[in-house]
1. How many residues are small (Gly, Ala, Ser), surrounded by 12 or more Cβ atoms within 10 Å (Cβ to Cβ) and part of a loop (DSSP other than H, G, I, E, B) if we restrict to segment 92-117?
2. Collect the residues in segment 7-27 that are among the aliphatic types (A, V, I, L, M) and under 11 Å from Phe41 (Cβ atoms), keeping them in residue-number order.
3. Which of the residues spanning segment 118-142 are part of a helix (DSSP H, G or I) and open to solvent by 60 Å² or more (accessible area, probe 1.4 Å)?
4. Identify, please: which residue in segment 76-91 is among the hydrophobic types (A, V, I, L, M, F, W, C) and in a strand (DSSP E or B) and is, among those, surrounded by the most Cβ atoms within 10 Å (Cβ to Cβ)?
5. Considering only residues that are in a strand (DSSP E or B) and not hydroxyl-bearing (Ser, Thr, Tyr), look in segment 56-75 and name the one that is farthest from Pro8 (Cα to Cα).
6. What are the pairs with Cβ atoms under 8 angstrom where one residue, in segment 203-230, is over 26 Å from Trp14 (Cα atoms) and the other, located anywhere, is open to solvent by less than 20 Å² (accessible area, probe 1.4 Å) and assigned to a helix (DSSP H, G or I)? Sequence gap at least six, or different chains.
7. Restricting attention to segment 173-230, report how many residues are of a type outside the set (Ser, Thr, Tyr) and not in a helix (DSSP H, G or I).
8. Consider His7 against the criteria (1) free of Cβ contacts under 8 Å to residues at least 24 places away in the same chain; (2) buried (at least 18 other Cβ atoms within 10 Å of the Cβ); (3) closer than 23 Å to Val199 by Cβ: it satisfies all of them except one. Which criterion is unmet?
Amino acid sequence: MTAPLIHPLDHPIWTALTTRQRALAEGGALARRYPPEIAPFAATPDMSPQSFAALHALMSKSDIAVLFTPDPVTPPAEFKVLLAETGEQMIGTLAEASIPGVEIVTLGADDVPEMLALTELTKPGPFSARTHELGTFLGIRIDGKLVAMAGERMKPANYTEITAVCVHPSHRGRGYGQILLGEISRQILARGELPFLHVFSSNTSAIALYRRQGMEIRRRFHVTVLHRRK
């Protein structure tokens, strides 16, 4: 009997760290993670005690590991669960849009302090000093100030994740998020890749926005944040 094919997006972190982003991966056959200064995401090929032991060995006492799994995670006693929620994985081509007089700029290392400040204010998800190294990040500046951004994160197989979609509270409702989503999606598609993203199930407004832009929910994930007890 032929084993069922596993879709690369069913285990996006593991797939990314064993395909296009394997050069970034820390760990080995039983557990892998991104460098903590880039992203807190980690994955194991299964839920065996051996895999959890390998993940534990990768982490320092101050580290966290964020897992995206199809099934709930019940870790061994060596871990403390800091968060256990569900998220939706959405996939599709986002509609392109434009706003007269608004320019989209490519962000880089010099923009990191402003990127960190914007993500700290808006809480779109984990964002660290080196997260921008994972892919292209685009932004919108108004009067010289970064007020909106979006970028790329996980790259499993021929898929690229859109991440850090955020708009400063005083600039919302002007369509900045939509035009950034459209442009980042256009660039991903131009490289022959397919865009996807993750959003917490409870974030109904964001899910509605992404639906309006052309995305659909592919599947639900369990998002688990682990911390070493010792």
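1. First, pick out the residues of segment 92-117 that are small (Gly, Ala, Ser): 92, 95, 97-98, 101, 108-109, 117.
Going one step further and asking which of them are surrounded by 12 or more Cβ atoms within 10 Å (Cβ to Cβ), we end up with 92, 95, 97-98, 108, 117.
Those still in the list that are part of a loop (DSSP other than H, G, I, E, B) too: 92, 95, 97-98, 108.
Of the residues in segment 92-117, 5 are small (Gly, Ala, Ser), surrounded by 12 or more Cβ atoms within 10 Å (Cβ to Cβ) and part of a loop (DSSP other than H, G, I, E, B).
2. Ile13, Ala16, Leu17, Leu24, Ala25, listed by residue number.
3. Those that are part of a helix (DSSP H, G or I) and open to solvent by 60 Å² or more (accessible area, probe 1.4 Å): Glu120, Leu121, Glu133.
4. First, the residues of segment 76-91 that are among the hydrophobic types (A, V, I, L, M, F, W, C): 77, 79, 81-84, 90-91.
From what is left, the residues that are in a strand (DSSP E or B) are 79, 81-84, 90-91.
Working: Phe79: 21, Val81: 12, Leu82: 12, Leu83: 11, Ala84: 14, Met90: 23, Ile91: 16.
Once the filter is applied, the top-ranked residue is Met90.
5. We begin by selecting, within segment 56-75, every residue in a strand (DSSP E or B); these are 64-69.
From the residues that got through so far, the ones that are not hydroxyl-bearing (Ser, Thr, Tyr) too are 64-68.
Details: Ile64: 24, Ala65: 20, Val66: 18, Leu67: 15, Phe68: 13 Å.
So the residue we want is Ile64.
6. Pairs found: Leu209/Gly177; Gln213/Leu181; Gln213/Gly182.
7. Matching residues across segment 173-230 total 31.
8. (2)
The values are calculated or read from the model by the stated rules, or taken from the named source; none is laboratory data. Keep in mind that what you see is a predicted model, and the values were worked out from it rather than measured. Using ideal geometry, Cβ is built from the backbone for each residue, glycine included, and neighbour counts are taken over all protein chains shown. Ligands, DNA and RNA are excluded from the accessible area calculation, which covers all protein heavy atoms including side chains. Shrake-Rupley method; radii C 1.70, N 1.55, O 1.52, S 1.80 Å.
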